[in-house]
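Below you'll find the structure, written out as structure tokens, and then a few comments.
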Amino acid sequence: MFPDNPYVREAYSYFSAGLAAEAQEKWQEAAVCFDKATTLDHQQARSHTHLAWCLAQLTRYDKALETIKYAEKYAQADDYLIYLDIGKVYYVAGKYTQARRAYETSLAIFPDFEAAKAALWQTEDVSARNK
């Protein structure tokens, strides 16, 4: 189940610890764990996504936006869930055009994904009000 690479196994341990801290809204603690996970396994898009989300919750938007680029770079083309999460980071950071693009990518992969439809609608609503 786990790769033979000890760094990947250790990254998974940090990722799991990050998820536990994130679930408790311990954003700083979670960010530290996800940062360690991305250092050990740099091509793991999920770790970058969760790290970016935690940084956004800590209002470190510049760093969150820098980090989410790695999630986009390493995301699997058919992972509709990750594109929803990428969109959420962009949305919270006020980058509505990028959020919309991520939600549209999610829907292109899975057209019936209701969470992405709702997020896209919300983003378009906010964008319209800000014009």
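Entry note, the chain: the mean residue ellipticity at 222 nm calculated from DSSP H runs of n ≥ 4, each adding -39500 (n - 2.57), is -25500 deg cm²/dmol after division by the residues and rounding to the nearest 500.
Summarising the overall dimensions of the chain from its C-alpha atoms, the Rg and Dmax are 14.9, 52 angstrom. According to the square roots a ≥ b ≥ c of the eigenvalues of the Cα gyration tensor, what is the shape class of region 1-74, taking rounded for a/c under 1.5, prolate for a/b larger than b/c otherwise, and oblate for the remainder? Verdict is oblate for region 1-74.
Put simply, when 32-40, 83-91 are sorted by average Cβ atoms within 10 angstrom per residue, most first, you get 83-91, 32-40. The chymotrypsin sites (Phe, Trp or Tyr not before Pro) of region 40-77 include none that meets both conditions, a loop assignment by DSSP and at most 16 other Cβ atoms within 10 Å of the site Cβ. Each peptide in 112-118, 44-50 gets a packing score, the mean of other Cβ atoms within 10 Å over its residues, and the list from highest to lowest is 44-50, 112-118.
Taken together, the values in this text are just the output of simple stated rules run on the coordinates, not laboratory data. Here the structure is a predicted model, which is why all the values come from computation and not from measurement. With ideal geometry, Cβ positions are generated from the backbone for all residues, glycine too; neighbour counts draw on all protein chains shown.
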